[in-house]
Amino acid sequence: MKVLNELDREIAKYILTSLDKVAYMRVRELADATNVSPATVVRFTKKMGYSSFPEFRVTVKQELAKHKKILSNENQRQSLLNNTVFPDDFDDKVESLVEKIVAADLIHCIGIGVSGIMAEYAARQLTTLGYCSFASTSPYFPYLTSEQRVKGSNNSEVCLIFSVSGETIEMVQIARLLSDSKIYTTSVTNKGNNSLSALVDLSLTYDTSYDRVHLNVDLSSQLPVIFFIETVVKHLYTRSSYHELPQSINYSIGDT
């Protein structure tokens, strides 16, 4: 996007937000929709590395098919969990979090124990999409090391805090420290009546059995947490903002 001129950027933005229309458009139709000449559209497709507009349109159809496949798989994925696992406002909260992540310069994913594994999975998935994200399983990571992170600064950061019980002392302490910063905090916990949920900006909860045998053995299912992570990632992928990632790094999505 950085190397394109103004007209080309307008064409690109229209394509990224209207794949379902562009997949079946002719050159003149795309030109009319973007208020440019057909010649400008043809030049744009060649700048993008295509020998012709039909070849470019094939790629658009393939991308559209990929999006539709992801969305069609949602029903099957949701059937893995009981309908009572997530609260009624789950989708609304996920969408609110997605909006924050899209605007964020940095996403922290933190947790310890099995929740640390979930934090690492979330960070890996977000990084795969090109978002600047990292995981930390250390409760002593210096999250507030600069005055630039106080409320009112220009940086935009999101912190995802994973904790099954919501009472993990280290995670609660981190949430307390972050409560006066600009960092947008979100907790992912089993059930919502806990100390961590009361300290964050957004509390995402699920309702399954809490199967902690003793201090070092927690057999509680992490399937709802994985479902939450993958739901957020798929929402991000299907948004047009995904295609507007920094151009200095080559990002790709594989069948992993």
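The values are calculated or read from the model by the stated rules, or taken from the named source; none is laboratory data. Given the structure is predicted, the values throughout are model-derived calculations rather than measurements. Virtual Cβ from ideal backbone geometry, glycine too; neighbours counted across all protein chains shown. Heavy atoms of the whole protein, side chains included, go into the accessibility calculation; ligands, DNA and RNA do not. Shrake-Rupley method; radii C 1.70, N 1.55, O 1.52, S 1.80 Å.
Condition check ((1) assigned to a loop (DSSP other than H, G, I, E, B); (2) at pLDDT below 90; (3) hydrophobic (A, V, I, L, M, F, W, C)) across all residues:
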residue	(1), (2), (3)
Val172	no, no, yes
Ser187	no, no, no
Leu204	no, no, yes
Ser220	yes, yes, no
Glu230	no, no, no
Lys234	no, yes, no
Tyr251	yes, yes, no
Quiz item: Which of the residues belonging to the range 11-34 are open to solvent by 90 Å² or more (accessible area, probe 1.4 Å), assigned to a helix (DSSP H, G or I) and at pLDDT 90 or above?
Solution: Arg28, Asp32
Quiz item: What are the residue pairs meeting all of these: first residue in the range 191-207, first residue more than 18 Å from Leu223 (Cα to Cα) and β-branched (Val, Ile, Thr), second residue assigned to a strand (DSSP E or B) and open to solvent by less than 50 Å² (accessible area, probe 1.4 Å), Cβ atoms under 9 Å, and 6 or more apart or on different chains?
Solution: Val200/Cys159; Val200/Ile161; Val200/Tyr184; Val200/Thr185; Val200/Thr186; Val200/Ser187
Quiz item: Would you say Thr40 is in contact with a Leu (Cβ under 7 Å, 6 or more places away or on another chain) and either at pLDDT 90 or above or open to solvent by 50 Å² or more (accessible area, probe 1.4 Å) (or both)?
Solution: yes
Quiz item: at pLDDT below 90, over 27 Å from Tyr140 (Cα atoms), part of a loop (DSSP other than H, G, I, E, B) and open to solvent by less than 50 Å² (accessible area, probe 1.4 Å) - does that describe any residue in the range 71-85?
Solution: yes
